[in-house]
Amino acid sequence: MTESMIIVTTLEELFYARRFLDAPVGLVPTMGYLHDGHISLVEQAKRECKSVIATIFVNPTQFGPNEDLDKYPRSLERDLKLLEAAGVDIVWTPTAEVMYPAGYQTWVEVENLTKPLEGSMRPGHFRGVTTVVSKLFNATRPDKAYFGQKDAQQAAVIRQMTHDLSYPIEIVICPILREGDGLAMSSRNSYLSPEERQSATVLYRALTAAKTAFAGGEKNAEKLRQIVKDVVAAEPKAQLQYISCADYDTLAELETVSGKALLSMAVFMGKTRLIDNFILE
Ligand code: AMP
């Protein structure tokens, strides 16, 4: 609804600009280095809301000590152009000092849903995510917030947090955008060498093989996991970290797929960790 995009950094600037937005307001949180997957979230927010706020913040508290915080790719100028072209009203680019001022000591934690999968591989990751998303919710006060199915467990954890903390916010989960060869779009794909980039289709190929078997009647979860393992094992550049076939809502590992299930995986391509998932139903 505003004429041109407003870029704010401090909370005071955000609160002032926020007052002039027409409801409903949609929020699209990102860590920047934007690709079409991010923009698809903005586009869905534009379709469903009168105003859209996007945030760009590489949140240090969701990175482990041996993870890629320092080298996480950044492209602020380009990101701002993309967000403006997509029709975003406000972009909030807080600094770490704005988010976590000296003396900061308050955390938001979702207990059970954060234990398996990404949570078990990345201790403390979801505590950082839920804390920052909670702060983004409080500061921007959106009516709807948009997240990608790409980060399936994150979506489930944020849905749980929103419910548990009684946020009056509708969580909208948007489909995974993929490259032409099936690789899920991700800022981290930029880390891949040309050879690794080619081999990285293995995630999509493995999930597709399992989904095809499922569609053909295979309901045994261990057999579906094994199909994924076999496809990844045939790709020398890829190292499987986990494959899960779990209940879509609880993320508990299944023996048999009967209701809606989440087939999700993490793979190392060299030093780069990639995740992907399919929904089985
Ligand atoms: P990030 O900048 O990686 O934190 O991602 C910001 C948001 O974009 C998250 O809700 C992600 O799940 C979502 N997202 C990332 N990649 C994709 C994709 N390929 N398709 C759809 N959404 C995505």
May I ask you to list the residues in the range 136-168 that are more than 13 Å from the ligand (Cβ to nearest atom), buried (at least 21 other Cβ atoms within 10 Å of the Cβ) and without any contact (Cβ under 8 Å) to a residue 60 or more places away in the chain? Met161
Only one of (1) under 20 Å from Ala152 (Cβ atoms); (2) in contact (Cβ under 8 Å) with a residue 24 or more places away in the chain is not met by Gln239, so which one is it? (1)
Only one of these is more than 17 Å from the chain's Cα centre (by Cα), away from the ligand (no atom under 13 Å from the Cβ) and open to solvent by less than 50 Å² (accessible area, probe 1.4 Å): Val98, Val110. Name it. Val98
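Being over 20 Å from the mean Cα position of the chain (by Cα), of a type outside the set (Ser, Thr, Tyr) and within 22 Å of Gly26 (Cβ to Cβ) narrows it down to one residue among Pro168, Pro175, Pro194; which is it?
Pro168
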Turns out the strands (runs of 3 or more DSSP E) fully within the range 2-73 with at least 2 residues that are surrounded by 15 or more Cβ atoms within 10 Å (Cβ to Cβ) and of a type outside the set (A, V, I, L, M) are 25-30, 51-56
Would you mind stating whether Tyr191 is of a type in the set (Ser, Thr, Tyr) and over 20 Å from Pro73 (Cβ atoms)? no
Is it fair to say Val129 is touching a residue at least 60 places away in the same chain (Cβ under 8 Å), under 12 Å from Gln62 (Cβ atoms) and within 14 Å of the ligand (Cβ to nearest atom)? yes
Being at pLDDT 95 or above, within 26 Å of Gln153 (Cα to Cα) and aromatic (Phe, Trp, Tyr) is the requirement here; does Tyr100 meet it? yes
Report the residue count in the range 51-67 for those that are under 15 Å from Ser187 (Cα atoms) and over 16 Å from the mean Cα position of the chain (by Cα). 1
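Here is a yes/no grid of residues against (1) hydroxyl-bearing (Ser, Thr, Tyr); (2) closer than 24 Å to Pro175 by Cβ; (3) at pLDDT below 95:
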| residue | (1), (2), (3) |
| --- | --- |
| Ala206 | no, yes, no |
| Phe214 | no, yes, no |
| Asn220 | no, no, no |
| Leu224 | no, yes, no |
| Lys237 | no, no, no |
| Ile243 | no, yes, no |
| Thr250 | yes, yes, no |
| Met269 | no, yes, no |
| Phe278 | no, yes, no |
Reported set for the range 79-106 where residues are more than 14 Å from Thr61 (Cα to Cα) and of a type in the set (Asp, Glu) is Asp79, Glu84, Asp89
Go through the range 113-133 residue by residue and tally those that are open to solvent by less than 10 Å² (accessible area, probe 1.4 Å) and of a type in the set (Ser, Thr, Tyr). 2
Any residue in the range 10-25 that is more than 20 Å from Glu170 (Cα to Cα) sitting within a Cβ distance under 7 Å of a residue that is aromatic (Phe, Trp, Tyr)? List the pairs, counting only those 6 or more apart or interchain. Leu14/Trp92
Taking the options Gly64, Gly87, Gly32, name whichever one is near the ligand (Cβ under 10 Å from one of its atoms) and farther than 18 Å from Ile169 by Cβ. Gly32
Looking at the range 84-112, I want the residues that are without any contact (Cβ under 8 Å) to a residue 24 or more places away in the chain and have a partner that is surrounded by 14 or more Cβ atoms within 10 Å (Cβ to Cβ) with Cβ atoms under 6 Å, at least 6 apart or on another chain. Which pairs are those? Glu109/Arg127
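The values are calculated or read from the model by the stated rules, or taken from the named source; none is laboratory data. No experiment lies behind these values; they were computed from the predicted model shown. Positions of Cβ are backbone-derived with ideal geometry, glycine not excepted, and every protein chain shown enters the neighbour counts. These accessible areas exclude ligands, DNA and RNA; they are computed on the full protein's heavy atoms, side chains included. Shrake-Rupley method; radii C 1.70, N 1.55, O 1.52, S 1.80 Å.
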